[in-house]
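Remarks on the structure that follows.
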């Protein structure tokens, strides 16, 4: 050992500079241990992965909601706000359907149907459905597709055919449950619309009967036309009264009181005045019975009553026009048994296993074992250096003691 190496060893460890070559020396020195450690770790990982860990296959089915759930579309737009299915998901058009689908797929009813169909309690080694549901939920993946217009239902299983069958059965169960809920909703809508339809028929009949009674009593069939005709008739009568008054005035000055023409003109004048009075205040003898022309002094009141009754008939008629198509559609929807969702891709047995990813796991084990092995080599090297330094110090102390006990050195 030369002088420089001695000086370097005598320096404190904190003052020594770190050299990459020192690390390489340590690694190469313990290369056999490092190789055995890494090889053993990778071998154990490979044995576990290929002999003890089962292959898991992923089968995926893709569904999309129908463009229009109802054939007529009107009932959907009216009833959507009160639909009980809305409480199962989020708001918004097509996203509503996808949210409802996700909720139904994760429901207890859907899970139990799959568990019973494939005997998953035995497959998952559970003695109750609660644990079976948890295990099934861990193997189920539900995700929105691209642009959030489709829904992907994926199942992981150790059997590729069973994975595909389970994914497809999930879709069947979803469609069945969704149709049952849709039928219940349609039945509820039908009962409500039927009740409202019956009530509307009664209200329309009452309104028509009230208008009919009013028309029979007062002879009001068309207020604007009858008032117009009455005004024209009053104008004609008034002109005739003026003409007869002129004729009577001439006759009074030119004839005797008992003149036949004078008496006839007076009678015609009185008759015309009576007709004008009838148009203005009605026929006192008839009271409120049928009259062709409504009296002018009662025309506003009769017009208001007529328009109110006519408006009620029109209103009930419009309500009937709205409710009747909804009622008929609700009856159709209640009997509808067509699928409520569209299967874009049915699940098929996967060709490759999805997990475990053996090559990736093996590579990770290799890197981790290499790092851990390298750390262990430096740890072992430090232990060896510490032991060697301790042994050197012990030998130095023993030599000092021997020198001190040597009789030759007692007297200098």
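For region 142-183, the set of residues classified as touching a residue at least 24 places away in the same chain (Cβ under 8 Å), over 17 Å from residue 346 (Cβ atoms) and either within 19 Å of the chain's Cα centre (by Cα) or part of a helix (DSSP H, G or I) (or both) consists of 144, 148, 149, 177, 178, 179, 181, 182, 183, listed by residue number.
Among the residues of region 116-141, the ones that are loosely packed, with under 15 Cβ neighbours inside 10 Å and closer than 17 Å to residue 154 by Cβ come to 3 in all.
If only residues of region 34-54 that are modelled with pLDDT under 80 and assigned to a helix (DSSP H, G or I) are counted, the one that is nearest to residue 385 (Cα to Cα) is 49.
Taking the condition over 30 Å from residue 187 (Cβ atoms) and at pLDDT 85 or above, does residue 353 pass?
Numbers: over 30 Å from residue 187 (Cβ atoms): yes; at pLDDT 85 or above: no.
So residue 353 fails the test.
The values are calculated or read from the model by the stated rules, or taken from the named source; none is laboratory data. Since the model is a prediction, treat every value here as computed from it, not as a measurement. In this analysis, Cβ positions are derived from the backbone assuming ideal geometry, glycine residues included, and neighbour counts consider all displayed protein chains.
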